[in-house]
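Novice: Here's a structure for you.
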């Protein structure tokens with residue numbers, strides 16, 4: 001007997017699945033995925049570096065007591081210090097991922113293989129607004145023995 005893996009229905013997982021499929025539909029080729037992932041890592045690192053610099057500046061201003069009004073802010077020194085440690089770790093991990101991504105970005109594939117990516121992308125993450133998909137979903141959700149629905153008879 002094969003065990004089937006059921007898809008988690010919690011809100012976080014459903015949001016992830018929706019985003020996952022959207023990214024496949026909107027970026028269906030190898031090159032698109034390379035660019036998307038590179039940009040994603042770079043934007044994440046940029047934001048982390050900017051927030052880290054801002055928090056370090058706040059902490060150093062508080063320590064030097066240059067601006068006593070900063071003590072009234074809602075972020076405590078302990079919270080800032082803990083966040084800085086975490087953000088520095090995340091930035092180090094992202095730097096390592098970036099080093100690996102450089103290898104992936106250097107890989108080029110033929111147009112024939114890119115076409116295969118597009119074909120598979122349509123199978124893996126079909127457009128949810130496609131008429132056939134909408135009809136299938138409507139029929140599926142009306143099925144009385146669907147596991148998430150209770151039989152009201």
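The values are calculated or read from the model by the stated rules, or taken from the named source; none is laboratory data. Fair warning: this is a prediction, and the values are worked out from it, not measured in the lab. Note: ideal-geometry Cβ built from the backbone for every residue, glycine included; neighbour counts use all protein chains shown.
Novice: Within the stretch 9-45, can you find the residues that are more than 21 Å from residue 129 (Cα to Cα) and loosely packed, with under 11 Cβ neighbours inside 10 Å?
Specialist: 10, 12, 39, 43
Novice: Quick one: what pairs do we get from the stretch 37-63, first residue at positive phi and at pLDDT 95 or above, second loosely packed, with under 15 Cβ neighbours inside 10 Å and in a helix (DSSP H, G or I), C-beta under 8 Å, 6+ apart or different chains?
Specialist: Close Cβ pairs (under 8 Å, with a partner that is loosely packed, with under 15 Cβ neighbours inside 10 Å and in a helix (DSSP H, G or I)) do not exist here.
Novice: Residue by residue through the stretch 105-153, note down the ones that are at pLDDT 65 or above and either touching a strand residue (DSSP E or B) at 6+ places or on another chain (Cβ under 9 Å) or not in a helix (DSSP H, G or I) (or both).
Specialist: 106, 107, 108, 109, 110, 125, 126, 127, 128, 129, 130, listed by residue number.
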